[in-house]
Amino acid sequence: MDPDEVTSLLGVQPSDSRRKGGTWHTPKGKPMIARTGRWSLEIARAVPGDLSTQIRQLLGRMTDDLSIWRDLTSRFEADFFCGLWLNRWNEGEVLMPDVLLMLGQRNIKLELDIYSGNDDG
């Protein structure tokens with residue numbers, strides 16, 4: 001994967017990118033060799049969260065040309081990775097139909113890491 005090509009096609013600079021075999025640094029500064037290529041785009045954490053709005057914001061920064069998305073996702077794996085922190089053990093999040101459609105049209109899978117809060121009740 002060529003991160004510069006992905007940047008050009010999506011029309012936005014990534015928050016992080018690397019080429020397979022290239023050097024990158026961990027948050028503690030340790031140099032590592034990339035086993036795979038990577039292109040990622042992040043947005044600020046929202047409290048309270050609204051996953052549908054945040055996904056719309058991310059997709060709104062990138063091209064809406066579905067032929068570009070079909071090309072990219074036929075060559076590379078695409079996913080939205082989201083951390084979801086809950087205040088209580090029995091909370092949830094709703095994804096709106098338009099957001100599900102946008103992800104599906106772009107062949108993007110959604111990955112959620114869900115962290116439950118403590119409940120004394």
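Computed quantities for the displayed model
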item: Wholly within the range 41-119, helices (runs of 4 or more DSSP H) carrying at least 3 residues that are free of Cβ contacts under 8 Å to residues at least 24 places away in the same chain and not small (Gly, Ala, Ser); result: 51-61, 97-105
item: Where Gly29 falls short, out of the listed (1) surrounded by 10 or more Cβ atoms within 10 Å (Cβ to Cβ); (2) assigned to a loop (DSSP other than H, G, I, E, B); (3) modelled with pLDDT of 90 or more; result: (1)
item: Matching option when the condition is touching a helix residue (DSSP H, G or I) at 6+ places or on another chain (Cβ under 7 Å) and over 21 Å from Met1 (Cβ atoms), among Ile114, Ile43; result: Ile43
item: When residues of the range 70-121 are limited to those that are among the hydroxyl-bearing types (Ser, Thr, Tyr) and either more than 16 Å from Leu58 (Cβ to Cβ) or not assigned by TED's automatic domain parsing to the domain that holds Gly49 (or both), the one modelled with the lowest pLDDT; result: Ser116
item: Tally, over the range 83-99, of residues that are out of contact with any helix residue (DSSP H, G or I) (no Cβ under 9 Å at 6 or more places or on another chain), within 21 Å of Glu42 (Cβ to Cβ) and surrounded by 12 or more Cβ atoms within 10 Å (Cβ to Cβ); result: 2
item: Yes/no for Gly22 being surrounded by 12 or more Cβ atoms within 10 Å (Cβ to Cβ), in contact (Cβ under 8 Å) with a residue 12 or more places away in the chain and not assigned by TED's automatic domain parsing to the domain that holds Leu95; result: yes
item: Unmet requirement for Thr7, which otherwise passes all of (1) closer than 25 Å to Ile114 by Cβ; (2) assigned to a helix (DSSP H, G or I); (3) not hydrophobic (A, V, I, L, M, F, W, C); result: (1)
item: All positions within the range 53-82 that are exposed (fewer than 12 other Cβ atoms within 10 Å of the Cβ) and basic (Lys, Arg); result: Arg75
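The values are calculated or read from the model by the stated rules, or taken from the named source; none is laboratory data. Here the structure is a predicted model, which means the values were calculated and not measured. Glycine also receives a Cβ, built like all others from the backbone with ideal geometry; neighbour counts cover every protein chain displayed.
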